[in-house]
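Accompanying notes for the structure given below.
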Amino acid sequence: MLGAAGMLAAPSMTVARSGSPSMTVVRSLEDTSRRSQTARLVPRFLTHCAQNCICASPYFLYFDLQISGEIPGASPDHHMMSPTGNIGKRAPFPYVNHSPNPSREFSGSIGNVAWKERVDGWKMKQDKGTIPMTNGTSIAPSEGRGVGDIDASTDYNMEDALLNDETRQPLSRKVPIPSSRINPYRMVIVLRLVVLSIFLHYRITNPVRNAYPLWLLSVICEIWFALSWILDQFPKWFPINRETYLDRLALRYDREGEPSQLAAVDIFVSTVDPLKEPPLVTANTVLSILAVDYPVDKVSCYVSDDGAAMLTFDALAETSEFARKWVPFVKKYNIEPRAPEWYFSQKIDYLKDKVHPSFVKDRRAMKREYEEFKVRINGLVAKAQKVPEEGWIMQDGTPWPGNNTRDHPGMIQVFLGHSGGLDTEGNELPRLVYVSREKRPGFQHHKKAGAMNALVRVSAVLTNGQYMLNLDCDHYINNSKALREAMCFLMDPNLGRSVCYVQFPQRFDGIDRNDRYANRNTVFFDINLRGLDGIQGPVYVGTGCVFNRTALYGYEPPIKQKKKGGFLSSLCGGRKKASKSKKGSDKKKSQKHVDSSVPVFNLEDIEEGVEGAGFDDEKSLLMSQMSLEKRFGQSAAFVASTLMEYGGVPQSATPESLLKEAIHVISCGYEDKTEWGTEIGWIYGSVTEDILTGFKMHARGWRSIYCMPKRPAFKGSAPINLSDRLNQVLRWALGSVEILFSRHCPLWYGYGGRLKFLERFAYINTTIYPLTSIPLLIYCVLPAICLLTGKFIMPSISNMTSIWFISLFLSIFATGILEMRWSGVGIDEWWRNEQFWVIGGISAHLFAVFQGLLKVLAGIDTNFTVTSKASDEDGDFAELYMFKWTTLLIPPTTILIINLVGVVAGTSYAINSGYQSWGPLFGKLFFAFWVIVHLYPFLKGLMGRQNRTPTIVVVWAILLASIFSLLWVRIDPFTTRVTGPDTQTCGINC
């Protein structure tokens with residue numbers, strides 16, 4: 001096993017601060033003189049932090065910094081740190097803050113004299129009324145806190161002549177859906193709502209007396225379905241598309257021959273168990289990140305190993321070495337995708353558009369290198385299958401600190417750095433950092449959400465990128481320009497300041513052509529999220545999302561005065577902000593009543609409080625410091641980083657102090673008595689922390705953006721097996737139920753904030769959809785009961801009533817057809833989504849409701865896991881035909897069988913009863929076939945390949961068939977019942 005070269009590990013870290021100087025780091029959005037004061041005072045604050053950090057247990061601190069003061073890189077050839085190591089080969093790890101350069105965009109030669117005079121006049125205007133940005137642009141007051149919609153990316157108060165300059169054009173624009181497609185869609189929605197109201201009125205006012213319980217259950221279910229449809233449908237009222245202009249982004253921030261002014265991005269990859277999440281998959285994700293088309297000094301990749309596995313550590317060391325060969329190859333030949341496993345497995349003509357004579361030779365050599373890399377990774381995996389009794393031992397003979405996955409110190413390893421990692425051609429590589437947070441018994445670690453918050457703090461201390469991208473370990477970068485696509489929104493001077501994150505759709509590899517279980521989830525990603533993008537933005541879906549770090553810290557977006565709009569504007573808009581003249585009086589009122597959704601971290605309030613006391617008032621500054629540390633934790637370096645609007649680490653900060661602070665901020669007790677997980681970072685309280693985190697940001701008034709580039713930005717893998725798919729859906733539904741019964745439920749949370757009305761509709765639907773499983777289960781059982789008992793849920797209907805019924809079904813189909821028309825979703829994808837909605841609703845969603853109730857009411861945490869599997873299939877999509885028994889399969893199997901039995905029973909009864917019974921039978925058969933058709937993919941999943949039925953299914957089918965056969969014999973429908981006189985009363989004389 002490879003050793004822990006340069007690894008920092010500490011069981012705990014305490015920070016002693018005696019006689020701490022006052023907090024002197026402030027931030028301002030409008031006063032440039034205050035910003036200059038901040039620049040002078042940040043280094044003093046960080047220096048004090050470095051002098052007072054005391055490690056409680058130096059045993060796990062393997063420093064080689066006392067000699068060189070540098071952060072070393074690691075490789076398989078250099079494993080143990082030594083004071084006499086080869087220090088001359090290491091260069092200092094740079095922590096460079098972006099410096100303002102307002103005139104950068106107009107540097108260079110300008111041929112036309114008149115144009116030069118116009119530009120000089122523009123510069124004079126800029127000197128009088130602009131705010132310099134550290135990323136190299138200037139924001140006019142109208143751009144920073146101007147009026148209008150926060151998404152009005154085309155509203156620029158400039159001279160018409162300047163709009164012709166590409167460097168001043170917006171970086172993105174909205175593309176509305178053509179009115180010829182969206183207007184008929186909206187008309188059909190309104191028409192369907194009217195028809196649905198008439199239908200429900202008829203159903204309520206016409207009860208079925210001889211089947212009253214069945215009628216009552218059916219009406220309750222139909223009312224719930226109607227409410228659920230409204231919550232799902234109306235957030236799709238304003239769907240939009242978006243376009244980005246990468247050429248304008250390059251002209252503004254990334255000109256050739258000049259230092260790039262693009263913002264720094266910290267990329268997070270999370271993994272837990274390398275035996276369930278193969279290291280080769282994680283390695284491909286990391287390689288695609290390191291090869292992304294973005295300035296290398298602006299990219300940092302952090303890999304969170306929440307299982308503290310030495311296998312992950314060693315695989316990452318191998319990956320860092322292979323990256324030195326892979327990255328220059330893909331950049332030289334502009335390879336897509338830049339994950340080697342998926343690039344070499346493409347069944348396309350890889351010579352298309354390739355003109356370089358050495359490409360074929362280099363490709364063959366690289367493919368051989370990758371195959372050798374795979375063999376090394378496979379060797380590590382094979383060796384890790386059996387854990388030694390004494391635990392894993394590093395190459396230097398010391399035990400691996402993570403041998404006990406529930407009780408181990410925090411570990412940080414820098415594999416590649418800005419100055420420590422060069423590729424085979426001598427070019428710099430992005431930073432690659434391994435992080436495993438500390439875990440101790442008795443502490444709540446909050447699973448993935450806790451791991452992500454640890455990465456937020458580590459990255460803030462070491463690199464502090466202005467933006468962050470989070471990816472699951474199986475989601476690689478499929479489009480190397482994905483970060484640039486996101487920057488077209490986040491770095492847009494007018495739009496970006498109010499954007500909390502840019503969400504990309506999830507796309508998947510390895511799914512069967514028919515997508516039997518709707519793994520692609522196309523309806524959600526291509527219809528629902530595009531509809532939300534026209535309101536306040538899409539929900540956060542857990543991966544493929546670029547965050548604004550400021551929004552994750554709990555700050556609110558810049559307040560903008562909105563223009564008065566019409567009815568639709570008020571319907572989709574949130575709470576109107578008070579005018580500036582009333583700010584003082586409103587502020588006093590707001591102090592009396594504080595809504596939990598209104599952010600408590602308003603930068604302007606912090607600055608005003610500090611400045612009001614004056615910089616010489618040490619007591620006031622100390623109070624401000626204590627307030628920030630109570631919110632963000634006891635780390636002076638991290639608190640200072642949160643107040644740097646444009647990211648970066650102060651140049652005066654030393655690597656030693658930063659690494660000590662990085663170890664400290666991932667200690668298991670760091671979040672105690674802070675607001676991490678409640679107001680800051682990823683929010684705790686649900687297994688679907690993504691929905692909760694996005695909801696909190698939207699409630700504060702931020703908006704999100706949905707970016708759908710032509711080439712998918714990211715691709716991942718999805719469980720195509722039926723049981724695994726149901727367990728995945730169970731986890732999502734359980735998270736929604738947890739949110740529903742929490743204080744963050746959208747039904748009652750955030751009404752004092754700035755969450756838009758239709759956006760709240762979408763979040764309510766996201767949390768209550770598992771409850772639909774109960775009426776859905778009842779509705780799927782009703783057809784079988786009606787067929788077996790001869791009763792029906794509807795009375796005999798007239799011709800006029802029949803017309804309304806037909807109109808309802810036509811409106812349902814018309815809505816689906818027009819929705820597919822404007823979205824581009826195929827009818828097969830739409831139908832697969834409808835089928836799996838029923839399959840998941842009567843299985844995973846149902847179990848999630850009961851499991852959530854047990855957890856909330858009784859504190860019982862029940863896990864439904866796969867208990868057995870039976871498959872020896874080989875070939876393509878072999879996993880699709882793998883059968884794994886799980887309790888989630890019981891409800892759909894039962895419903896499927898009783899409906900089949902009901903169809904046979906009802907048909908037999910009609911044959912025996914004569915012609916008059918066929919009319920009512922057709923209505924019952926229609927509902928029964930509706931259930932069976934929707935469960936058809938589930939039936940195929942049970943049968944497996946070549947109709948080989950698993951034993952458990954046969955046993956279950958025989959059991960239920962026997963029960964219904966006995967009931968059938970008791971009913972005996974084929975025996976003619978002859979009614980005659982009562983012999984006991986009349987006797988023989990009747």
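Read the figures in this text as sums done on the coordinates, not as results from a lab. Predicted model only: the values in this text are computed from it and were never measured. Here the Cβ positions follow ideal geometry from the backbone for every residue, glycine too, while neighbour counts run over all protein chains shown.
Details
- Average Cα contact separation per residue, the stretch 680-763, under 8 Å, 6 or more apart, as relative contact order %: 44 percent
- Our summary of shape: the Cα atoms of the stretch 419-482 have principal axis extents of 49, 27, 22 Å, ordered from largest down, in whole angstrom.
- Calculated on C-alpha atoms, the gyration radius of the stretch 504-547 divided by its Kirkwood radius gives an Rg/Rh of 1.02.
- Highest-first packing order for the peptide set 814-822, 310-318, 716-724, 289-297 is 310-318, 289-297, 716-724, 814-822, based on the mean count of other beta carbon atoms within 10 Å.
- Along each principal axis, Cα extent of the stretch 165-227, largest first, Å: 77, 20, 12
- Kirkwood hydrodynamic radius of the stretch 280-328, from the reciprocal of the average inverse Cα-Cα distance over all distinct pairs: 11.5 Å.
- Principal axes of the stretch 174-299: Cα extent on each, largest first, Å: 81, 48, 18
- A Cβ-based charge dipole, computed about the Cα centre of the stretch 220-285 with Lys and Arg at +1 and Asp and Glu at -1, lands at about 160 debye.
- For the stretch 232-334, the mean projected area of the C-alpha convex hull, equal to one quarter of the hull surface, is 10.4 nm².
- Evaluating kT/(6 pi eta Rh) at 4 °C and 1.567 mPa s, with the Kirkwood radius of the stretch 770-848 over Cα pairs in the Stokes-Einstein relation, gives 85 µm² s⁻¹.
- Anisotropy class of the stretch 447-543 from Cα gyration tensor, a/c 1.5 cut: oblate
- Above-threshold pairs, the threshold being 18 Å between Cα atoms, out of LYS174/LYS696; LYS347/LYS374; LYS331/LYS710; LYS298/LYS481; LYS715/LYS884; LYS791/LYS924: LYS174/LYS696; LYS347/LYS374; LYS331/LYS710; LYS715/LYS884
- Principal semi-axes of the equivalent ellipsoid, √(5λ) from the alpha carbon gyration tensor of the stretch 254-401, are 31, 21, 12 Å from largest down.
- Prolate/oblate/rounded call for the stretch 359-443, Cα gyration tensor, a/c under 1.5 rounded: oblate
- Value in Å of the Kirkwood radius, where the stretch 656-734 supplies the Cα pairs that are averaged: 16.4 Å
- Mean Cβ count within 10 Å, highest first, over the residues of peptides 787-797, 653-663: 653-663, 787-797
- Ranked packing of 924-931, 516-523, most packed first, by mean Cβ within 10 Å: 516-523, 924-931
- Gyration tensor (alpha-carbon) shape descriptor, the stretch 392-502, a/c threshold 1.5: oblate
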